[in-house]
Amino acid sequence: MKRVGYWMSEKKRKKLNFEEHRELFRNAGVELVQIDLNVSMEDQGPFDLLVHKVAEILAKANNGNESAQLAIQNLETYIERHPECVVLDPLDSIRTVLDRYTQYQKVLHSEVMKDRRCMIPTFVELNTTNIDENKEKLAKAGVTFPLVCKPLLAHGSTLAHQMSIIFNEESLKDISPPCVAQSFINHNAILYKIMVVGCKQFIIQRPSLKNLYPGAHATVFFDTQEVSKADSDHPLNAVDYATLEDQPTKPDWAYLDKLGQKLRSAMQLDLFGFDVIIDSETNQYGIIDINVFPGFEAIDSFFSILCEHIVRVIDAQEKGELVNGRLMPSAQDIGGSMNILNQLNQKANVSHDDCLLNNFALNAPKSKTINNNQQPSKMS
Ligand SMILES: Nc1ncnc2c1ncn2[C@@H]1O[C@H](COP(=O)(O)OP(=O)(O)OP(=O)(O)O)[C@@H](O)[C@H]1O
Ligand SMILES: O=P(O)(O)O[C@H]1[C@H](OP(=O)(O)O)[C@@H](OP(=O)(O)O)[C@@H](O)[C@@H](O)[C@@H]1OP(=O)(O)O
Ligand SMILES: [Mg+2]
Ligand SMILES: [Mg+2]
């Protein structure tokens, strides 16, 4: 029996029904052990692998919270002393993603960006409320109006998801540092969430902010948890798809699949999600957000996939086959392992069945048909 330690907040555990899946893991030869970060990890081990979402504790530790610092120290000491124990995911990778600026910088300087089809909307870090200073920084970086003002902290607090859209220079008084200011890219109100579980990926289509233009409009403040959930019906999303001049661009699923795997190795993450919007003018794929251990419960068979991944990783570790601590995709993983889950707001009368056929299924080798539990269906 392999021992896998896990830690995530109670809220997250409950949402995922983590405990209910012990049996599934046991049947695969894995004992799941819930970790108490306030008790010596050494006393709770040994562990073959650790799986966690400690973003919230890391954020608190960075903020000077002592008990959070001790918890992280406990975890890090164990990891340092046990290089044979695989960690999903490494704390340094999580730290990079925790800060939106370092997150974007890392992607920007990675292999992912060698490809002109994708981009990160222009951004700059702002640390002051001084309007002139901010004006200068925005101009120098080339950030355009409207812009999205995003808290620097990306995870682990409700504050991380409070944003604003600023439409003009006069409204720069609304900048709330520390933040990143990022050019708003029109994308016809559709967002793709790509969820990555090791070598497998799932694409979820979600509602998003409608097209916006610079002008005399007052700043709009919003909570991101209210705009891009499956059932979001925020005024900022209000788009009449039937009359939209510019119909949403159909994504190239195979390209998104490749992007996910490239990002996985660039960010050194196995359990993450990222948000992509398609620029309605240039058709470029804009990466706007990376999330560690996101809402995987959206994937029906998440636990079977996680379990399979964990078993493969432990096996590869024992055989010395991990590359930079990561499992390399096998032939079955490449391309064919996606689920396309249509979760777009019902208002969107857009069918993606045809592009599934054109872009994905026809190109996929026969043995790798789309492994859909939920067949993509027409949205009504
Ligand atoms: N540069 C951009 N251009 C256009 N729309 C954007 C841009 N950045 C963000 N958005 C919109 O704002 C929403 C929230 O942004 P973002 O994903 O960065 O926030 P978040 O709080 O990290 O979200 P999540 O809940 O996915 O972690 C997106 O879902 C999208 O609708
Ligand atoms: O709760 P949800 O299912 O919405 O999951 C969200 C998750 O919250 P959780 O960790 O409490 O589950 C968030 O984590 P924190 O930033 O708050 O750490 C963040 O990762 C969001 O991007 C996820 O939204 P998604 O990207 O999946 O839509
Ligand atoms: Mg997001
Ligand atoms: Mg996010």
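The values are calculated or read from the model by the stated rules, or taken from the named source; none is laboratory data. On a predicted model such as this, the values are computed, not experimentally measured, just so you know. Here the Cβ positions follow ideal geometry from the backbone for every residue, glycine too, while neighbour counts run over all protein chains shown.
When G142 is tested against the conditions (1) within 15 Å of F184 (Cβ to Cβ); (2) within 16 Å of ligand 2 (Cβ to nearest atom), the lone failure is (2).
Residue check: is I185 assigned by TED's automatic domain parsing to the domain that holds D279, of a type in the set (V, I, T) and within 14 Å of ligand 3 (Cβ to nearest atom)? In short, yes. If you take the residues in the stretch 220-229 that are within 16 Å of ligand 4 (Cβ to nearest atom) and surrounded by 16 or more Cβ atoms within 10 Å (Cβ to Cβ), which one is farthest from D275 (Cα to Cα)? Step by step, filter the stretch 220-229, then rank; the result is F222. In summary, R13 fulfils each of the numbered conditions (1) touching a helix residue (DSSP H, G or I) at 6+ places or on another chain (Cβ under 6 Å); (2) free of Cβ contacts under 8 Å to residues at least 40 places away in the same chain with the single exception of condition (1).
Does the stretch 146-169 contain any residue that is away from ligand 4 (no atom under 16 Å from the Cβ), part of a helix (DSSP H, G or I) and out of contact with any Pro (no Cβ under 9 Å at 6 or more places or on another chain)? Before the answer, list the steps.
Of all residues in the stretch 146-169, those away from ligand 4 (no atom under 16 Å from the Cβ) come to 146-147, 165-169.
This time we only want the ones that are part of a helix (DSSP H, G or I), so: 169.
If we keep only those that are out of contact with any Pro (no Cβ under 9 Å at 6 or more places or on another chain) as well, we get 169.
Yes, the stretch 146-169 contains a residue that is away from ligand 4 (no atom under 16 Å from the Cβ), part of a helix (DSSP H, G or I) and out of contact with any Pro (no Cβ under 9 Å at 6 or more places or on another chain).
Per the conditions (1) touching a residue at least 24 places away in the same chain (Cβ under 8 Å); (2) over 26 Å from the mean Cα position of the chain (by Cα); (3) surrounded by fewer than 20 Cβ atoms within 10 Å (Cβ to Cβ), the sole criterion not satisfied by E80 is (1).
When the criteria are applied in full, H52 fails the requirement of being over 23 Å from the mean Cα position of the chain (by Cα) and surrounded by 14 or more Cβ atoms within 10 Å (Cβ to Cβ).
Table: residues versus (1) at pLDDT 95 or above; (2) crowded, with 22+ Cβ neighbours inside 10 Å; (3) away from ligand 3 (no atom under 16 Å from the Cβ); (4) not charged (D, E, K, R).
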| residue | (1), (2), (3), (4) |
| --- | --- |
| V148 | yes, yes, no, yes |
| L153 | yes, no, no, yes |
| S157 | no, no, no, yes |
| M163 | yes, no, no, yes |
| N168 | yes, no, yes, yes |
| P177 | yes, no, yes, yes |
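Scanning the stretch 141-153 for any residue that is of a type in the set (D, E, K, R) and within 24 Å of P294 (Cβ to Cβ) turns up at least one such residue.
At negative phi and either within 16 Å of ligand 2 (Cβ to nearest atom) or modelled with pLDDT under 95 (or both): is that true of K60 in this structure? Walk me through it before giving the result.
Numbers: at negative phi: yes; either within 16 Å of ligand 2 (Cβ to nearest atom) or modelled with pLDDT under 95 (or both): yes.
Yes: the conditions hold for K60.
Counting residues in the stretch 90-112 that are modelled with pLDDT under 95 and hydroxyl-bearing (S, T, Y) gives zero. The residue pairs whose first member lies in the stretch 217-229 and is more than 12 Å from F167 (Cα to Cα), whose second member is assigned to a helix (DSSP H, G or I) and within 12 Å of ligand 3 (Cβ to nearest atom), and whose beta carbons are closer than 6 Å, counting only pairs six or more residues apart or on different chains, are D223/H161; T224/H161; Q225/H161.
Can you tell me which residue among Q317, Q284 is in the same structural domain as R116 (by TED's automatic domain parsing) and either more than 16 Å from ligand 4 (Cβ to nearest atom) or at pLDDT below 95 (or both)? Checking each option against the conditions leaves just Q284. Going by what's in this entry, would L209 be described as surrounded by 18 or more Cβ atoms within 10 Å (Cβ to Cβ), farther than 30 Å from R326 by Cα, within 16 Å of ligand 2 (Cβ to nearest atom) and at pLDDT below 95? Yes: the conditions hold for L209. Would it be correct to say that L32 is free of Cβ contacts under 8 Å to residues at least 40 places away in the same chain, more than 28 Å from D99 (Cα to Cα) and within 27 Å of the chain's Cα centre (by Cα)? Yes. With respect to H217, determine if the residue is modelled with pLDDT under 95 and either buried (at least 17 other Cβ atoms within 10 Å of the Cβ) or not assigned by TED's automatic domain parsing to the domain that holds P146 (or both). So H217 fails the test.
Inside the stretch 287-314, residues that are aliphatic (A, V, I, L, M), modelled with pLDDT of 95 or more and away from ligand 4 (no atom under 16 Å from the Cβ) make up a count of 5. In the stretch 280-294, the qualifying residues are those that are more than 9 Å from the chain's Cα centre (by Cα) and of a type outside the set (V, I, T), and the one that is nearest to A189 (Cα to Cα) is S280.
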